[in-house]
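Asks: Got a structure for you, written out below as structure tokens; questions coming shortly.
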Amino acid sequence: MRLRALTVILFLLALVLTACSDDTKPVGPDKKGDATIAEADLTDFDKKLMNLATDMSFAYDIQLHNQEAKELQVTVEHYQNGEKVNEILNMASGLKNVKPSDNLKVVFLRQKAGEGQEKWVGSVIRANGSSSVENTVEAPSDDYASVSSGGISSQTSFTIGERQYASTIIHTNQHSVSQRTDLDTDEAIKQATDYEDVYLLSVRLNKQQGKLKKEAER
């Protein structure tokens with residue numbers, strides 16, 4: 001029942017967030033890069049919607065500066081003890097007719113889906129529509145001592161072709177946990193994912209459209 005509610009919540013979020021297309025924060029002249037990403041400034045209503053049917057949710061505002069970017073790629077990767085296990089989500093959403101003044105949001109949702117399973121949903125919400133992808137995978141153990149998440153909060157610039165990590169989720173029995181999203185080298189990724197179960201949530205701008213199949217675009 002909650003899985004069906006998850007789809008409904010995502011649809012309602014798309015309606016609400018696309019209606020707020022004038023809320024994009026201005027970017028100062030000192031900002032560089034082809035786009036900026038920041039934690040979304042959600043209303044209490046938006047937060048309640050996301051918390052209603054999900055165990056974990058993440059939302060980000062993206063402002064595009066370079067219209068040479070043709071698509072926005074969203075990815076969720078699963079690591080165990082520093083090694084990549086699988087790619088849970090990987091979707092590309094076209095940026096046709098997206099202007100710098102438009103509100104562009106990326107949403108990640110995570111929800112238990114029965115015994116030993118969990119469902120992930122990724123969505124790109126634009127002023128002229130939305131794209132989403134979902135996947136049900138094996139869930140991590142419930143016996144870990146801690147589950148923590150952390151990510152970017154202030155505006156962060158990134159360029160076309162650069163993978164920008166938005167958040168990390170760590171399941172571990174270790175006493176000390178370090179959250180980071182400045183993962184620009186293989187060594188940095190290995191250090192950030194050197195726990196029992198780690199999930200990396202990221203975005204990337206691509207110049208060419210169509211490298212990845214677009215999912216559930218409406």
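The values are calculated or read from the model by the stated rules, or taken from the named source; none is laboratory data. All of these numbers come straight from a predicted model, not from anything done at the bench. Glycine also receives a Cβ, built like all others from the backbone with ideal geometry; neighbour counts cover every protein chain displayed.
Asks: State all residues of the range 65-93 that are hydrophobic (A, V, I, L, M, F, W, C) and in a strand (DSSP E or B); if no residue qualifies, say none.
Replies: Leu72, Val74, Val76, Val85, Ile88, Leu89, Met91, Ala92
Asks: What is the residue count in the range 59-95 for residues that are more than 28 Å from Pro140 (Cβ to Cβ), in contact with an Asp or Glu (Cβ under 9 Å, 6 or more places away or on another chain) and among the charged types (D, E, K, R)?
Replies: So the answer is 2.
Asks: If the Cβ limit is 7 Å and pairs must be 6+ apart or interchain, which residue in the range 150-165 that is more than 16 Å from Leu64 (Cβ to Cβ) pairs with which residue that is part of a loop (DSSP other than H, G, I, E, B)?
Replies: Gly150/Gln179; Gly151/Thr181; Ile152/Thr181; Tyr165/Thr181; Tyr165/Leu183
Asks: Let me ask you something else. Condition first: assigned to a loop (DSSP other than H, G, I, E, B) and among the polar types (S, T, N, Q). Now tell me which residues in the range 148-162 satisfy that. Even if it seems obvious, please write down each step before you answer.
Replies: Step one: filter the range 148-162 for residues assigned to a loop (DSSP other than H, G, I, E, B), giving 152-155, 159-162.
Passing the criteria: Ser153, Ser154, Gln155, Thr159.
Asks: Being buried (at least 17 other Cβ atoms within 10 Å of the Cβ) and touching a strand residue (DSSP E or B) at 6+ places or on another chain (Cβ under 9 Å) narrows it down to one of Lys99, Lys84, Lys47, Lys70, so name that one.
Replies: After ruling out the rest, the residue left standing is Lys70.
Asks: Lys96 passes all but one of (1) modelled with pLDDT under 95; (2) in a strand (DSSP E or B); (3) among the basic types (Lys, Arg); which number fails?
Replies: The one condition Lys96 does not meet is (2).
Asks: Identify, by number, the condition in (1) assigned to a strand (DSSP E or B); (2) at pLDDT below 90 that Cys20 doesn't meet.
Replies: Going through the list (1) assigned to a strand (DSSP E or B); (2) at pLDDT below 90, Cys20 breaks only (1).
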